[in-house]
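The values are calculated or read from the model by the stated rules, or taken from the named source; none is laboratory data. All of these numbers come straight from a predicted model, not from anything done at the bench. Virtual Cβ from ideal backbone geometry, glycine too; neighbours counted across all protein chains shown.
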Amino acid sequence: MELSEEDLRLINALQISPRLSWSDAAQVLGVHATTLAARWDRLRDAGAAWTTSHLTGDPKNMCLAMVDVDCDMDLRPEVTAALAELPEVITVEEAASNRDLTLTVITQDLEQFSTKLLPRLKEIRGLTKYQTALCTRIHISGYAWRLNVLTKGEQQALRALAGPETNHPAGPDASATPLPESHLALIPFLARDGRATAAEIARALGRNPATVQRQLGRVLASRMLSFRCEVAQQFSGYPVTIQWFANVPPGRHEAAAIESRAIRNVRFAASTTGRTNFTIIMWLRSLAEVLEMELTVQQRIPGIELVESVVMLNTAKRVGWMLNPDSTATGKVVAPYAELLPDGT
């Protein structure tokens, strides 16, 4: 399938406000609400776009790790599939350089990462080696990436209509509010559909709709979850994923983060432990842009040392969602808290 300009405009609107009502979207986009709803259903059913939520991975509240994996070449498909089935492994990508696979992992804390997840990695047949870098601060996350097909006026209008779930760049003062156990049961539904309503969740859980409405409001305002509208990469106009591993001088990380936010291709930037202390992930239009973006990064961030660049060949799983080889969503979600879903949902 091909995405029309109207499809891209709708996706861009939901990138800005993932839970935007169709009536509000209609006011800004100039298209009837029922038309927008039908268009979204078509995009979602085709796996071309989807809304989701996931744990923020903020290092102040949980452990976010980036793990490089080596495996037996003949068993790479089996290793990839086994890793994707682990809820804590939220993203699995096949790399084109010094590692076979790269993983993004979220656990409640470092102890859970060390004592529960790592032993499971060692049990996977064909997985021969792993190396871990821990995120010490997230500067940019994928929710902030935009198609930018809407006018500035339309984007401003949508931001004004956005609800409490709208994400903001992580900062030193940002902090999630702990949620009661009863509220955590809502999280798997929001992972499967970031636009899930209180009525839909209440029916599935067998709870009072008014109670779920209050709980949902608290979950949305908690900053525990990051909401986003995703698009299949093949339809985004930016089919190439590249990750830079870099070193930034001490005391310059926040300045590097500010400059990284000014580069529209950036989908992720974080300070890390390990062989390097800063990582940047971008979506690019072609491999020919790699050299151009390296120069841009070096010009914008004085003193940065780009140690290694890695092109991703394939994404098997992105923030909990299983993907087809063509980057469309399969509809299957394997993420933390998935075990809270009641049977049959």
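For this structure, a couple of remarks:
- Selection status of residue 103, crowded, with 19+ Cβ neighbours inside 10 Å, modelled with pLDDT of 95 or more, over 21 Å from the mean Cα position of the chain (by Cα) and at negative phi: no
- Test result for residue 226, at pLDDT 95 or above and touching a strand residue (DSSP E or B) at 6+ places or on another chain (Cβ under 7 Å): no
- Test result for residue 255, without any contact (Cβ under 8 Å) to a residue 40 or more places away in the chain, surrounded by fewer than 22 Cβ atoms within 10 Å (Cβ to Cβ) and in a helix (DSSP H, G or I): no
- Filtered residues of segment 21-64 (kept if among the hydroxyl-bearing types (Ser, Thr, Tyr), within 17 Å of residue 330 (Cα to Cα) and at pLDDT 95 or above): 51, 52
- Residue match in segment 97-116 (condition: under 21 Å from residue 242 (Cβ atoms), of a type in the set (Val, Ile, Thr), in contact with a helix residue (DSSP H, G or I) (Cβ under 7 Å, 6 or more places away or on another chain) and not in a helix (DSSP H, G or I)): yes
- In segment 195-218, the residue that is surrounded by the fewest Cβ atoms within 10 Å (Cβ to Cβ) out of those that are of a type in the set (Lys, Arg) and over 23 Å from residue 17 (Cα atoms) is 203.
- Pairs meeting the criteria (first residue in segment 125-141 and part of a strand (DSSP E or B), second residue among the acidic types (Asp, Glu), beta carbons under 7 Å, at least 6 apart or on different chains) are 128/70; 128/72; 129/70; 130/68; 131/68; 138/58.
- Looking only at segment 4-50, residues that are among the aliphatic types (A, V, I, L, M) and either in contact with a Gly (Cβ under 8 Å, 6 or more places away or on another chain) or not in a helix (DSSP H, G or I) (or both) come to 5 in all.
- Residue match in segment 51-63 (condition: of a type in the set (Asp, Glu), farther than 12 Å from residue 231 by Cα and not in a helix (DSSP H, G or I)): yes
- Among the residues listed as 79, 67, the single one being surrounded by 14 or more Cβ atoms within 10 Å (Cβ to Cβ) and part of a helix (DSSP H, G or I): 79
- Members of segment 225-252 that are in a loop (DSSP other than H, G, I, E, B), under 30 Å from residue 9 (Cβ atoms) and not small (Gly, Ala, Ser): 238, 239
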